[in-house]
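Down below is the structure, laid out as structure tokens.
The values are calculated or read from the model by the stated rules, or taken from the named source; none is laboratory data. Being a predicted model, the structure only gives us computed values, none of them experimental. We place every Cβ from the backbone using ideal geometry, glycine too, and count neighbours over all the protein chains shown.
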């Protein structure tokens, strides 16, 4: 009998046995269903248990994930705190206790922040020390970019211009208008291949000029440079004042004079300094000076003398000489090198006087005449005087002889007289027109000297006449020195017939007349003795 649902009406037709079988079948089925239900309940309990564990795991995982996310957020916040400068190491205490990658990150981060803070502290200390040093530097310091903009300056630089350091940051070099030189120097340096320069420049501050020594050094592969400016205004002014003093002193004691004495500066000279050498001495003097100035006021007389000296003195330096001293309108000059310098200077001296006279004539003044004497010999040049008053001078009989030769130009009517020692000292005497004048003993000496006249300073007509009469003039002197008065007189008269203004020839005629009656020609040595200076 199947176990499908039994209709009551049908059950009436089943036998008892059939119904029992049917009931047995149902019981078996019910038992099976019960077992299946038990299994289902057991499965459900198992599923429920598993589901609960999984839920617990998911909840635990969610809590762990939330904690992880929260702690990642703590690390992120810590990074932001570092940027804002408010980081506290304790904020990562929970995170750094982790034994995973996040914990390692937190510990490394904290260590890096600690190192960074230490370095920042060191940097701040170093910066503070640098600022102290830079602000104590007695000069300006500036940092400039390669494109010509200020990166920064020290406080001293800013205060110098009544500005703050911040006023310079980002400004172009030429934003300051008080030093046009500075931007030009910096730009030239930037574009050059040099890595270091040192230059001087000036800057105007409140109408006053200051001088700076600029020292610049490139750095950062030439992308920037540091410039230090040292105020050298006081030193510059001191140098200028020293130079003014040196130039002022040099007008009293020429630098050539100091060099001659072996001294570099005038402060090095002392009383008694001297040098003895064979040098040439030149004396020049204005003829008739007293007559020229007697109608002048004192101021006019000084103006005249200074005008003349200012005109002729540079000639002496041109020919390697120097003025030893002025004696009123007279000049005593030394030529250490050779006699040629002295003679050339003497000729140029007369040429300058001729030029000076043309100006005097144009101004309505009478021309002046001068005489020059040149001698060479051993002369002691040095410093004389006393501790409170020093003066350069030359001490020697040779100096006196040069002065005597100048005085004799008035006697012989010449312009430049030289001694025989000067003639022997000339490099090329053949280049000059020279006339022998006399053999004489000047006052104050016992030995005779031969006197010569330099003709090259005369005008062309005078030179021509004296050269034309040179042969007769020389014969006249030869006869005169031998005591042959009549032959000498004839020769000098021939000279005067051609050149009536030859004062030396006239001088000899007067001498012959004055000595022929009192001097025995046999005892005559041909030497004239001067009894007056």
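Annotations
- Condition met for residue 111 (modelled with pLDDT of 90 or more and either out of contact with any strand residue (DSSP E or B) (no Cβ under 6 Å at 6 or more places or on another chain) or farther than 30 Å from residue 79 by Cα (or both)): no
- Complete set of residues in the stretch 308-320 that are without any contact (Cβ under 8 Å) to a residue 60 or more places away in the chain and in contact with a helix residue (DSSP H, G or I) (Cβ under 8 Å, 6 or more places away or on another chain): 311, 312, 315, 316, 318, 319, 320
- Pick from the stretch 282-298, criterion at pLDDT 90 or above and crowded, with 18+ Cβ neighbours inside 10 Å, ranking: farthest from residue 422 (Cα to Cα): 286
- Hits in the stretch 454-464 - residues which are closer than 18 Å to residue 500 by Cα and surrounded by 13 or more Cβ atoms within 10 Å (Cβ to Cβ): 455, 458, 462, 463, 464
- Condition check for residue 310: farther than 19 Å from residue 380 by Cβ and out of contact with any strand residue (DSSP E or B) (no Cβ under 9 Å at 6 or more places or on another chain): yes
- Filter result (free of Cβ contacts under 8 Å to residues at least 40 places away in the same chain and under 18 Å from residue 310 (Cβ atoms)) within the stretch 363-382: 363, 365, 367
- Of all positions in the stretch 202-212, none carries a residue that is surrounded by 15 or more Cβ atoms within 10 Å (Cβ to Cβ) and not in a strand (DSSP E or B).
- Among the residues of the stretch 193-203, just one is touching a residue at least 24 places away in the same chain (Cβ under 8 Å) and over 19 Å from the mean Cα position of the chain (by Cα), namely 195.
- Just so you know, in the stretch 51-88 the residues that are farther than 20 Å from residue 108 by Cβ and under 59 Å from the mean Cα position of the chain (by Cα) include one that is modelled with the lowest pLDDT, and it is 85.
- Test: residue in the stretch 342-359 that is surrounded by fewer than 23 Cβ atoms within 10 Å (Cβ to Cβ) and over 22 Å from residue 414 (Cα atoms): yes
- Residues (part of a helix (DSSP H, G or I) and in contact with a strand residue (DSSP E or B) (Cβ under 7 Å, 6 or more places away or on another chain)) located in the stretch 394-403: 398, 399, 401, 402, 403
- Residue 373 being surrounded by 24 or more Cβ atoms within 10 Å (Cβ to Cβ) and either assigned to a loop (DSSP other than H, G, I, E, B) or modelled with pLDDT of 95 or more (or both): yes
- Residues (in a loop (DSSP other than H, G, I, E, B), closer than 20 Å to residue 224 by Cα and free of Cβ contacts under 8 Å to residues at least 60 places away in the same chain) located in the stretch 134-192: 147, 148, 154, 168, 169, 170, 171, 176, 192
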